[in-house]
C-alpha cells in the first residue's frame, strides 16, 4: 500500500492509504473505498448539521460555499481522498476536461482572483490544483469528511431530519440533504466471466491508481471508445509496446484546439469574467456560444461548407452546440453535418479498413445525439504500427482468462495491462447507489428501475428536503457542468432560504408535479433525434437500464427560467410548516 498525508487535517500525522497499483480483486463499487479517518469534526458519530452535501466536486464546492454563506452549518461527505469529485477518481493517463476555460470554472470571485490555468483545456492534475485553490481561499476541507461513502438515507417526517449512514458505520442527521454525486458516480463493469483470473493489471478507468502504470513494451488494451477510451488511446499510443482498442461504436470526435494560457493574459481578461460567466447561462449548453439562427438549408452548399469549416477550425464543442439550429431535429440536416464530419476525419486515417471502422461513410447513429469527445491526435494513433482497433460490435467480449480477453468467435488476445473504459450507470446511478429510501421505506433504486421521476431535475417526490445537482432530468450531459451547477445551486439555496425564513419544516414535491415534469422531459426529447439510439442521454450502456431520456433537452437558459417560475410560492410542492 502507498501512503500520503491527509491535507484536510492541517498537517496532522494522519495517513491516507491509497489502493495498491494492482489488486487481487477488481474494485467496482465506491463502498469498497469507504474508511473512517478520524472520530472528530465532520467524521464524528451522530453528526448533526443543517445541510449535508454528498460529493466534493464542482457541485459540492459550490453548494458548500453557497449554503455556508447563508449561515447554515454545512458539511461535505466525499467518497474520494480529496476534493475534486471526478477529477480525483479519473486519473487515468490522458484524463482531461472537454469544456474550455474560462467557461469551465465556478464564478466564485475569490477563487477566480486566486487561480490561473496553464491552458484552455486542463487535465486532471490542473483540475486538482484548482480545487486546492478553492480550499485555500474558501476553507472547505476542514468541514469535509473524506472516504465517506453514503450507503443509506431516509427522512424522518416527525423530526424533519434526514438520517444518513456511511459505509464505515456512522450516522449523520441533517435537515437538508444535497446530492452532488454528478452523472458518473457509479461505475459500470460488464459481468465478464473470468475477469478475476487475469494475471496482469486491470482497472476500471475511474478507479485507476494515482501511481503510473508502465506500458512501455507492454501489450495493452482499452475496452471502450467513449471519452475515456479516446483520451487513453492518445496517451498510450506513443508509449505502449502494442495497443488494441476494443470498439463497439465509433466515437464521432471533434477537434479540441488546445493552447497554452499565460498568467498575464488571464489577469487582463478577468475583468470580463463576470459578464462572460453570466453570458454562458444564456446559451443552450452553458458555453460561450450557441446554435446558429439559421437552419441547414437556409445556406447554399458553398455557404454551408464555409460555416462548417469555421466551426471545425475554432474547435471545441462548436461543431456540436454552435451548429445549425435544426440538425438535431431534421434527419436530412443531420446527414449534411455527418458528411462533413466523415470527410474531415477519414482524411486523417491511412489504413482503409481502419478508416471504415473508425469513421464509416454510413452514420452509426445521427450526429450529435451522443456527446462527442474532444481530441487532438486520436485518429492519428491508429496510423502507428503498434496501435490497432478491434471491432466488437458483432463479435463481443465474452470472457477473460489468465492471459487476456476472449471474443465470441473464439479469438483470444493476450495482454499485460487492461483498462476497462466501459463507462458508468450514467445520470441516475450516482443516486440509486446510495441506499436512498423514501418516506415509505421504498428504495430509489427500485423506484427508478422502470423510469426515473424528478421534479424540476432537482427534487424527487417522497424525499423531502432532498435536492440534487447535475443529475437526472436537468440539462446535465447536454451542458457545461459548472454552468448548470450554478443555475441549479442558486435555486436550491434560494429554496432553502425560503424554508428557513418562513418556518417550513420540509417540502416534498407532489407526484402530479413530477409526472408533468416527466412529460416535459419526454416531449423535449421526442421532438428531436435523441430517441433514435441508446446513448448516455437515453439510458447509457448498462443493458438492464430503462431506455429513457434523463436530460432536459430544451437548453440551459429555458431550464433556468422554468425552475424559477415555481418561486417563491413553491408551486408543485407539498409544504409542511413547523408546529407552533
I'd like the antiparallel share, as a percent to the nearest 5, of DSSP beta bridges with both residues in the chain. 45
In nanometres, what is the gap between the two model label sites at residue 403 and residue 260, each 7 Å from Cα along Cα-to-Cβ? 4.6
Pair residue 351, residue 196: separation of 7 Å Cα→Cβ label points (nm): 3.6
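Which of the peptides 308-319, 76-87 is most tightly packed, and how do the rest follow, going by the mean number of other Cβ atoms within 10 Å of each residue?
Going by the mean number of other Cβ atoms within 10 Å, highest first, we get 76-87, 308-319.
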Determine, from the Cβ-Cβ distance of residue 298 and residue 501 and an R0 of 45 Å, the FRET efficiency 1/(1 + (r/R0)^6), rounded to the nearest 0.05. 0.35
Output needed: percent of Cα pairs per 10 Å distance bin for segment 100-146, bins running from 0 to the one holding the longest distance. 26, 55, 19, 1
Theoretical gain in end-to-end length, residue 275 to residue 511 [0.36 nm per residue, Cα-Cα removed]: 81.1 nm
Kirkwood Rh and Cα Rg combined as Rg/Rh, the chain: 0.95
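Rank by packing, highest mean first: peptides 219-228, 135-144, with packing defined as the count of other Cβ atoms within 10 Å averaged across residues. Mind dumping the intermediate values first?
Details: 219-228: 24.5, 135-144: 18.0.
Answer by packing, highest mean first, reads 219-228, 135-144.
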Counting all C-alpha pairs of segment 283-367, share separated by more than 18 Å (%): 44
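Just how many % of Cα pairs in segment 443-545 lie over 17 Å apart, if you round to the nearest whole percent?
59
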Between residue 343 and residue 384, what's the calculated FRET efficiency when r is the beta-carbon distance and R0 is 25 Å? Round to 0.05. 0.65
Mind computing the radius of gyration and Dmax over the alpha-carbon atoms of segment 379-491? Å is fine for both. 20.7, 60
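What value, in deg cm²/dmol to 500, does the helix sum -39500 (n - 2.57) over DSSP H runs of n ≥ 4 give at 222 nm once divided by the residues of the chain?
Taking each H run of at least 4 residues, the total per residue is -8000 deg cm²/dmol.
Ranking request for peptides 547-560, 356-369: highest mean number of other beta-carbon atoms within 10 Å first, then the rest in descending order.
In decreasing order of mean packing, 547-560, 356-369 become 547-560, 356-369.
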Each label sits 7 Å from Cα toward the beta-carbon; between residue 36 and residue 575 the label points are separated, in nm, by 4.1
How much length is gained on full extension from residue 313 to residue 533, taking 0.36 nm per residue of separation minus their Cα-Cα distance? 76.4 nm
For residue 114 and residue 329 in the same chain, what is the full-extension length gain: residue separation times 0.36 nm, less their Cα-Cα distance, in nm? 73.1 nm
Cut-off 14 Å (backbone N to label point 7 Å along Cα→Cβ of residue 69), residues of segment 97-135: 106-113
I need the shape label for segment 299-346. Rule: rounded when a/c is under 1.5, else prolate if a/b > b/c, else oblate, with a, b, c from the alpha carbon gyration tensor. rounded
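Readers should treat all values here as calculations from the given coordinates under stated rules, not as data from a laboratory. Computed from a predicted structure; not experimentally measured. Quick reminder, even Gly has a Cβ in these numbers, built from the backbone with ideal geometry, and neighbours come from all protein chains shown.
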